[in-house]
Amino acid sequence: MPKVKRTKKPPPEGWELIEPTLDELEQKMREAETDPHEGKRKVEALWPIFKIHHQRSRYIFDLYYKRKAITAELYEYCLKENIADRNLIAKWKKQGYENLCCLRCIQTRDTNFGTNCICRVPKAKMEEGKIVECVHCGCRGCSG
């Protein structure tokens, strides 16, 4: 099984508890990167990668902020080694962004009219029965 890339500095105490899950997510990421993308739109080929990236960051976020299962030292190590996305976690800590799927969905420069992505529109304000998928990451609604 491939190891998560690390610096020469040994990981902090508690690493052995989260390492199997991170190795499993790393393996899924490698499979998603090598999956054939014939028959898919150009953007659809990247959706599994965004999903796994979100899972990995959410796993570290939940361990530290929700369950308090890892130390601050281990959390900082994961951020420094780019195991979790520091900017995405910073958004999750803000009100209204707790369920944000990816940072591209709130960047207004990526849209035609300078607005947020369609997945950021609350489901209550959408037409009933209409299924919406984000163009950037395939999210079906992360506004809550």
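A few notes on this one:
- On a per residue basis, the convex hull of the C-alpha atoms belonging to the chain measures out at 141 Å³.
- Using the Cβ of Asp62 as centre and a radius below 12 Å, the other residues enclosed give a net charge of +4, where K and R count +1 and D and E count -1.
- Dipole of the chain [Lys/Arg +1, Asp/Glu -1 at C-beta], most positive-end residue of Ala84, Gln27, Cys102: Cys102
- Taking amide H positions as modeled 1.01 Å from N, with prolines and chain starts lacking one, the residues under 5 Å from Asp85 and 5 or more places away or on another chain are Ser57.
- Once the Cα gyration tensor of segment 96-143 is diagonalised, semi-axes √(5λ) in Å: 17, 12, 10
- Pairs exceeding a 32 Å alpha-carbon distance, out of Lys42/Lys66; Lys28/Lys91; Lys8/Lys40: Lys42/Lys66; Lys8/Lys40.
- Evaluating 6.51 cos²θ - 1.76 cosθ + 1.60 at θ = phi - 60° for every residue in segment 12-28, the Karplus couplings come out as x, 4, x, 4, 5, 6, 9, 4, x, 5, 5, 5, 5, 5, 5, 5, 4 Hz, glycine and proline recorded as x.
- Here Lys28 and Val121 are evaluated by their C-beta separation; at R0 = 22 Å the FRET efficiency comes out at 0.15.
- For segment 90-101, the Karplus equation 6.51 cos²θ - 1.76 cosθ + 1.60, evaluated at θ = phi - 60°, returns couplings of 4, 5, 4, 6, 8, 5, x, 10, 4, 10, 4, 7 Hz by residue, with Gly and Pro reported as x.
- Inter-centroid distance (Cα atoms) of segment 72-96 relative to segment 6-45, Å: 16
- Under-5 Å amide H pairs with Gly14, H placed in peptide plane, nonlocal only: none
- Apolar share of the accessible surface for the chain: 51 percent from carbon plus sulfur atoms, 1.4 Å probe.
- Estimated at 0.36 nm per residue, the fully extended path between Asn82 and Arg140 surpasses their Cα-Cα distance by 18.3 nm.
- A simple spin-label model places the labels of Thr21 and Asp62 0.7 nm from each other, with each point 7 Å out along Cα-to-Cβ.
- Note on the chain: with a GNM built from Cα contacts shorter than 10 Å, the maximum mean-square fluctuation among Lys28, Lys125, Lys68 falls on Lys125.
- Computed over segment 10-93, the range of Cα coordinates on each principal axis works out to 44, 26, 20 Å, biggest value leading.
- Table column - 3J(HN,Hα) (Hz), segment 32-38, Karplus curve with 6.51, -1.76, 1.60, x for Gly and Pro: 5, 5, 9, 4, x, 10, 5
The values are calculated or read from the model by the stated rules, or taken from the named source; none is laboratory data. Quantities reported herein were computed from a predicted structural model and do not represent experimental measurements. Neighbour counts run over all protein chains shown; Cβ positions are idealised from the backbone, glycine included. These accessible areas exclude ligands, DNA and RNA; they are computed on the full protein's heavy atoms, side chains included. Shrake-Rupley method; radii C 1.70, N 1.55, O 1.52, S 1.80 Å.
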